[in-house]
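Taking it in order: structure first as structure tokens, then the write-up.
The values are calculated or read from the model by the stated rules, or taken from the named source; none is laboratory data. Bear in mind the structure is a predicted one, so any value in this text is a computation, not a measurement. With ideal geometry, Cβ positions are generated from the backbone for all residues, glycine too; neighbour counts draw on all protein chains shown.
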Amino acid sequence: MMFGEADTPVEAASAEARSPSARERFERMYRILRDRICLLDYPPGSRLSEEELAQEFQVSRTPVRRVLARLESEGLVQSVHGVGTIVTDVDIEELEQTYLLRMELALLMGKLSPIPRSAADLDRIRALIARCHAGIENPDQGVFLRLNMDFFYELTAMTGNQPLREISERLYFLVARVVLKMMPKLGLVEEFTAFCREMEEILAAAEIGDWESIGHIRRAHISMSFRRMKQYAGHNGEG
């Protein structure tokens, strides 16, 4: 199983060799399925089998149902009577209000209990930037979103306010698939370049502890990303 499916970079760095609790196993299964949906490993319309997932994760169907119920509450899957659990589709127009809310929440990152970054934390961001520059040379849409998700985990680790962290995470994963869905129309090199610039700006602010600037930088890049997607969707007759 890929590293990204098992743990976030922050969590993996501090993981201990011990048997996971039932809660930890639940969270792990939830993150794996959520990531697969957002990376389009499970494309819209896919049916998720409780029996197959129970076999894969070596659990009973009860925790699988709980995970699927959580994913449904977040809008990533839908339970259809007589059919089962189906991965939902995404549409840029339907998610406009979600993007607008994400922009405003980004401003709160530097205001509500920001968590200072250690040298190791900053080094992980530098490693992500290096991966991003490598992606410009050999662009791949799956690599782009995986990198984007890894950076998002680093951003959530900066957020000490738990309600803000939970809401931001929920909204991010609700819209993450839009990026991949639009990627054939967006220029991959341009998206990698813009993303590298965002990470470099946030790293520079984090290095001097300017948390309020990080919120403004994040808001600006969410806004620009949304405007690019709206522009390309309009040019191609969508929405």
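Test Ile214 against the stated conditions and say whether it is crowded, with 17+ Cβ neighbours inside 10 Å, in contact with a strand residue (DSSP E or B) (Cβ under 9 Å, 6 or more places away or on another chain) and among the aliphatic types (A, V, I, L, M). It would help to see each step written out before you state the result.
Working: crowded, with 17+ Cβ neighbours inside 10 Å: yes; in contact with a strand residue (DSSP E or B) (Cβ under 9 Å, 6 or more places away or on another chain): yes; among the aliphatic types (A, V, I, L, M): yes.
Answer is yes for this residue.
Per-residue answers, yes or no, for (1) farther than 22 Å from His133 by Cα; (2) modelled with pLDDT under 90; (3) part of a helix (DSSP H, G or I):
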position: Lys181; (1), (2), (3): yes, yes, yes
position: Glu190; (1), (2), (3): no, yes, yes
position: Gly215; (1), (2), (3): yes, no, yes
position: Arg218; (1), (2), (3): no, no, yes
position: Ile222; (1), (2), (3): no, no, yes
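Ala130 is checked against (1) at pLDDT below 95; (2) in the same structural domain as Met224 (by TED's automatic domain parsing) and fails just one. What number does that condition carry?
(1)
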